[in-house]
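Participant: Let me begin by handing over the structure; questions about it come next.
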Amino acid sequence: QVQLVESGGGLVQAGGSLRLSCAGSGRSFSSDVMGWFRQAPGKEREFVAGISYNGISSRYLDSVKGRFTISRDNTMNMVYLQMNSLKTEDTAVYYCAADRRAGTVSSWPNNYDYWGQGTQVTVSS
């Protein structure tokens, strides 16, 4: 079956760093736009970062720009989200997603075809 599985979430203090990983299986994701989304309690799911199929271009939520970096390794069917200078407002469940037919990186969740189960990131003060 086609799957995306996130890992690397956990509890971290404000100002700290965390790296999330997303492992794809069942098919190659090397032609897909890959994105990270997050959902905090009481809030809608929001786009955090996305990356083109070849890793050349990327897009970020304004509030994470300069702190988070998305990357991918297509030879390993992996995508990553490096999160630095974490803030309490970054606390959320983080999801990895794949958009099969994208020409550009989309921020809309409905454009994405495959989703991981999510990993919890909790940032304490």
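Participant: Taking segment 70-115 on its own, how many of its residues are closer than 18 Å to residue 39 by Cα, among the polar types (S, T, N, Q) and in contact with a Leu (Cβ under 9 Å, 6 or more places away or on another chain)?
Facilitator: So the answer is 2.
Participant: Given the conditions (1) out of contact with any helix residue (DSSP H, G or I) (no Cβ under 9 Å at 6 or more places or on another chain); (2) modelled with pLDDT under 95, which single one is not true for residue 102?
Facilitator: (1)
Participant: Also, I was wondering about something else. Give 110, 77 a once-over and let me know the one that is in contact with a strand residue (DSSP E or B) (Cβ under 7 Å, 6 or more places away or on another chain) and modelled with pLDDT of 95 or more.
Facilitator: After applying the criteria, what remains is 77.
Participant: Looking at segment 52-82, which of its residues are under 19 Å from residue 9 (Cβ atoms) and β-branched (Val, Ile, Thr)?
Facilitator: 64, 69, 70, 79
Participant: May I pose another question? Filter the strands (runs of 3 or more DSSP E) completely within segment 1-103 down to those with at least 2 residues that are open to solvent by 60 Å² or more (accessible area, probe 1.4 Å).
Facilitator: Answer list for segment 1-103: 3-7, 10-13, 58-60.
Participant: Can you say whether residue 116 is small (Gly, Ala, Ser) and either surrounded by fewer than 17 Cβ atoms within 10 Å (Cβ to Cβ) or touching a helix residue (DSSP H, G or I) at 6+ places or on another chain (Cβ under 9 Å) (or both), as far as the supplied structure shows?
Facilitator: The answer is no for residue 116.
Participant: Does residue 29 satisfy the criteria of being under 23 Å from residue 3 (Cα atoms) and at pLDDT 95 or above?
Facilitator: Judged against the criteria, residue 29 is a match.
Participant: Taking the options 52, 58, 30, 85, name whichever one is farther than 18 Å from residue 112 by Cβ, out of contact with any helix residue (DSSP H, G or I) (no Cβ under 6 Å at 6 or more places or on another chain) and among the hydroxyl-bearing types (Ser, Thr, Tyr).
Facilitator: Selected residue: 85, the only one of 52, 58, 30, 85 that is farther than 18 Å from residue 112 by Cβ, out of contact with any helix residue (DSSP H, G or I) (no Cβ under 6 Å at 6 or more places or on another chain) and among the hydroxyl-bearing types (Ser, Thr, Tyr).
Participant: Please go through segment 69-87 and pick out each residue that is within 10 Å of the chain's Cα centre (by Cα) and β-branched (Val, Ile, Thr).
Facilitator: 69, 70, 79
The values are calculated or read from the model by the stated rules, or taken from the named source; none is laboratory data. All figures in this text were calculated on a predicted structure; none of them were measured in a lab. Don't worry about glycine lacking a Cβ; one is built from the backbone with ideal geometry, like all the others, and counts go over all protein chains shown. Quick note on the areas: whole protein, heavy atoms, side chains included, nothing else; ligands and nucleic acids left out. Shrake-Rupley method; radii C 1.70, N 1.55, O 1.52, S 1.80 Å.
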